[in-house]
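The values are calculated or read from the model by the stated rules, or taken from the named source; none is laboratory data. Note that the coordinates shown come from a computational prediction; the quantities given were computed from them, not determined experimentally. No Cβ is skipped: glycine too gets one built from the backbone with ideal geometry, and neighbour counts run over all protein chains shown.
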Amino acid sequence: MTPIARRTWIACAAAVVCTGPAVVGHAQTTAAGNAQQKVTGPQARYWLSAETASGMGFGMGGAPAAGGGGMGNIADMMNAMRNPNAPRKSLRLDLGATRDGAPSSASHQIPPGMALGASLPLIAPEPATPPREVDGDRDVPEFQRGEAKGRLLFFWGCGDKVGPGQPIVLDFAKLADGQLPPDMRGGVSVRPPRSGPGAARDRGYVYWPNKQMDTAVPAHASLVGNHVVQGNLNPEIRFAVGTPHDFMEPLRLQRTPVAGGTQKLSWNAAASALGYFLTGMGGREMAGGGGEMVLWNSSAVRLLGGETLMGFLAPSETERLIREKVVLPATTTECQIPREVIAAAGGELMMHSLNAFGPELNVVHPPRPQDPKIDWNQEYAVKLRLRSSTGSIAGMDDRRGRRGSPESAEAPSPPPAEGQAQKPKTVDAVKDALKGLFGR
């Protein structure tokens, strides 16, 4: 595969995965018995996003600019590669208000169990830098120039074999010509979490971690206790966190080969988990050029990609998706990857990810008046959301655990017959480079 084709393959895959099926947003509702009650506010919204990561799964890490989302930082990635079994905790704080402190600032007084001192400083993000102008020709993705080669194969479901209608195949060359397969449309709709506080949504906005303090959350940190948030843009916020809403347990994901060319993924049951979702990715180069990328997820019903479900999810949506057989119930602790998926990936999926959806703590002050004739003037609303994640990269599992132990050792893959598809050489090159870079 040429360098241009390889970049094209990745660009096409990213475009498709990030697009996905249409989603349905939330609508604000009120209790039926209080439909006529006037509700105002809240004057401030405070969101705490707490993650536990292990293996090759990455938490939010450092502070994204202007309160945007994040997928981890370099330090977190390096630590995960050096110590894949060590759990890592991360916390993201976002405070939005209807007024601006000009400049806005706040302080979150934390319980001793956090082991981060007495308080955490929340500051406003720096003004966003305007995007730089790019040359019009360079701004056009390479796959639009007719150079695209390769295919993207979508699979879903646990079991020995795949279900009917799989895989759904996206040919990059046809995509470049504007042709989208009719079976790419439709599928399961996943309602994303409601938008939290942000610089673009709130008149006043502050966050943590930030450039003033970006200390990593200790592995033994606990959220349990009393919390107080004071600032020049918000009324004083007070709430308490109990054990059911503390950081979730770390997950341990194991891969075990199964006779017949399949593979079993198994994990420990996290006490506070409401449900689980898995994804896998692999690929291979094809004889004659081009390549195939394989994307798989654990949904029992058709779901392409599934990256939307590798983040936070509201408990009500988790429950709905369990009923729809998209999310695995909390009692599930294993999933078998179908043999067709493994074969399509050239004998092994390169990456596996497991996400556990946790509960939420929601506090509104003052509480709703029982008398619907009394206005409910909300001063602040607090949301604490939780999740735990883990993952593995083939060939980079912890030497003390999954790889190398008799019960989980993988049989060597036989060399492909002449003329047959092979795994991308780039996969081995990347793994070798990463192991050399981080001394593993």
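Numerical summary
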{"read-out": "Close pairs (6 angstrom Cβ cut-off, 6 or more residues apart or separate chains): in contact (Cβ under 8 Å) with a residue 12 or more places away in the chain and farther than 21 Å from SER104 by Cβ in region 191-219, among the hydrophobic types (A, V, I, L, M, F, W, C) and surrounded by fewer than 16 Cβ atoms within 10 Å (Cβ to Cβ) anywhere", "value": "ARG191/VAL24; PRO192/VAL23; PRO218/ALA115"}
{"read-out": "Filter result (touching a Phe, Trp or Tyr at 6+ places or on another chain (Cβ under 8 Å) and over 16 Å from LEU251 (Cβ atoms)) within region 327-344", "value": "ILE337, PRO338, GLU340, VAL341, ALA344"}
{"read-out": "Some residue of region 213-228 being under 27 Å from GLY101 (Cβ atoms), at pLDDT below 95, under 22 Å from the mean Cα position of the chain (by Cα) and surrounded by 13 or more Cβ atoms within 10 Å (Cβ to Cβ)", "value": "yes"}
{"read-out": "Residue selected from region 281-310 under the condition modelled with pLDDT of 95 or more and small (Gly, Ala, Ser), by the criterion nearest to ARG339 (Cα to Cα)", "value": "SER298"}
{"read-out": "Residues (charged (D, E, K, R) and either outside any loop (DSSP other than H, G, I, E, B) or surrounded by 21 or more Cβ atoms within 10 Å (Cβ to Cβ) (or both)) located in region 307-329", "value": "GLU307, GLU317, GLU319, ARG320, ARG323"}
{"read-out": "In region 243-291, residue surrounded by the fewest Cβ atoms within 10 Å (Cβ to Cβ) [restricted to those that are among the acidic types (Asp, Glu) and under 25 Å from the mean Cα position of the chain (by Cα)]", "value": "GLU249"}
{"read-out": "Condition met for LEU304 (of a type in the set (A, V, I, L, M, F, W, C), out of contact with any Asp or Glu (no Cβ under 9 Å at 6 or more places or on another chain) and over 21 Å from ARG194 (Cα atoms))", "value": "yes"}
{"read-out": "GLU334 being in contact with a Leu (Cβ under 8 Å, 6 or more places away or on another chain) and touching a residue at least 40 places away in the same chain (Cβ under 8 Å)", "value": "yes"}
{"read-out": "The listed residue being farther than 17 Å from LEU153 by Cβ, outside any helix (DSSP H, G or I) and touching a strand residue (DSSP E or B) at 6+ places or on another chain (Cβ under 9 Å), out of LEU304, LEU265", "value": "LEU265"}
